[in-house]
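> Here it is, the structure, as structure tokens.
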Amino acid sequence: MHFELKYGDGSLPLDIEQSRILSVVLPNKRKSLGDARNAVARALAQPEGTAPLLEMLIDRKPKKLVIIVNDITRPTPYSILMPPLIEVIEKAGIPDENVTILIATGIHDLHTHEQNLIVYGQTIPQCYRTKASCLRDTTIG
């Protein structure tokens, strides 16, 4: 039986003799969100079990705001997730210079500027301060 294993931006072929396969488990099909960006905006405006983010930001009036994101090793669709979040932050009146994007790299290498542009697009690195957090820089014990 032939399989294509996702690897990086591509895939790797894998052939296994049919007699060695007991069963193949595939993920369940999920209904598409349709317009994912609007789905994110709706979730921020009408979350389940809590007040909308805009309301919380207006009530609490934070002086500084930190958004924690993952690094380039995780295929997170920030081009979809970040614009609605940034719109809420702007509506709350939090100035760009008071927002920090903290890149949680774990034990991975710190991002280059080019990697930030690939993962977060042009706007995020230009408008907001980005910092990285790397576990290799700390002592565990």
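> Specify which labelled value, from [x] 8.5; [y] 13.5; [z] 9.4, agrees with mean projected area of the Cα convex hull in nm² derived from the coordinates of the model shown.
[y]
> Could you compute Rg(Cα) / (2.2 N^0.38 Å) for the stretch 29-108, with N its residue count?
On the way: Rg = 14.2 Å, N = 80, 2.2 N^0.38 = 11.6 Å.
That ratio works out to 1.22.
> At a 1.4 Å probe radius, carbon and sulfur cover how many percent of the accessible area of the stretch 53-141? Walk me through the numbers on the way to the answer.
Values: 3280 of 5780 Å².
So the carbon and sulfur contribution to the accessible surface is 57 percent.
> Moving on to the next point. So how many Lys-Lys pairs in the chain land under 19 Å Cα to Cα, not counting same-chain pairs under 8 apart? Mind dumping the intermediate values first?
On the way: Lys6/Lys29; Lys61/Lys91; Lys63/Lys91; Lys63/Lys131; Lys64/Lys91; Lys64/Lys131.
Step by step, the pairs that qualify in the chain add up to 6.
> Follow-up. For the stretch 33-76, rounded, prolate or oblate, judged on the Cα gyration tensor with a ≥ b ≥ c (square roots of eigenvalues), a/c < 1.5 rounded, else prolate if a/b > b/c? Provide the component values of the computation, followed by the final result.
Values: a/c = 2.82, a/b = 1.20, b/c = 2.36.
Because a/c hits 1.5 or more and a/b fails to exceed b/c, the stretch 33-76 counts as oblate.
> Moving on. State to the nearest 20 debye the size of the charge dipole of the stretch 7-115 about its Cα centre, where the only charges are +1 on K and R beta carbons and -1 on D and E beta carbons.
Details: 12 positive and 14 negative charges, 95 e Å.
Around 460 debye, computed over the stretch 7-115.
> So which GluC sites (Glu not before Pro) in the stretch 48-141 pass both tests, a DSSP loop state and at most 14 other Cβ atoms within 10 Å of the Cβ? Working shown, then result.
Values: sites: Glu48, Glu55, Glu87, Glu90, Glu97, Glu114; in loops: Glu48.
Sites meeting the loop and neighbour criteria: Glu48.
> Which whole-Hz couplings ³J(HN,Hα) result when phi for each residue of the stretch 4-9 is put into the Karplus expression 6.51 cos²θ - 1.76 cosθ + 1.60, θ = phi - 60°, listed in order with x for Gly and Pro?
With coefficients 6.51, -1.76 and 1.60, one gets 10, 8, 5, 8, x, 8 Hz.
> Rank by packing, highest mean first: peptides 106-112, 66-72, 23-29, with packing defined as the count of other Cβ atoms within 10 Å averaged across residues. Write out the running numbers ahead of the final one.
On the way: 106-112: 13.3, 66-72: 15.4, 23-29: 5.1.
Going by the mean number of other Cβ atoms within 10 Å, highest first, we get 66-72, 106-112, 23-29.
> Between Asn98 and Ile16, what length comes free when the chain is fully extended (0.36 nm per residue of separation minus the Cα-Cα distance, one decimal in nm)?
Details: separation 82, 0.36 × 82 = 29.52 nm, distance 5.42 nm.
That pair, Asn98 and Ile16, stretches by 24.1 nm at full extension.
> Considering only protein heavy atoms, what per residue accessible area in square angstrom results for the chain with a 1.4 angstrom probe? Write down the numbers at each step before the final one.
Values: 10810 Å² over 141 residues.
Here the residues of the chain average 77 Å² of exposed surface.
The values are calculated or read from the model by the stated rules, or taken from the named source; none is laboratory data. As the structure is a computational prediction, the values presented were derived from the model and not from experiment. Heads up, the Cβs are rebuilt from the backbone with ideal geometry, glycines too, and the neighbour counts pull from every protein chain shown. Accessible surface is based on the protein model in full, side chains and every heavy atom, while ligands, DNA and RNA are left aside. Shrake-Rupley method; radii C 1.70, N 1.55, O 1.52, S 1.80 Å.
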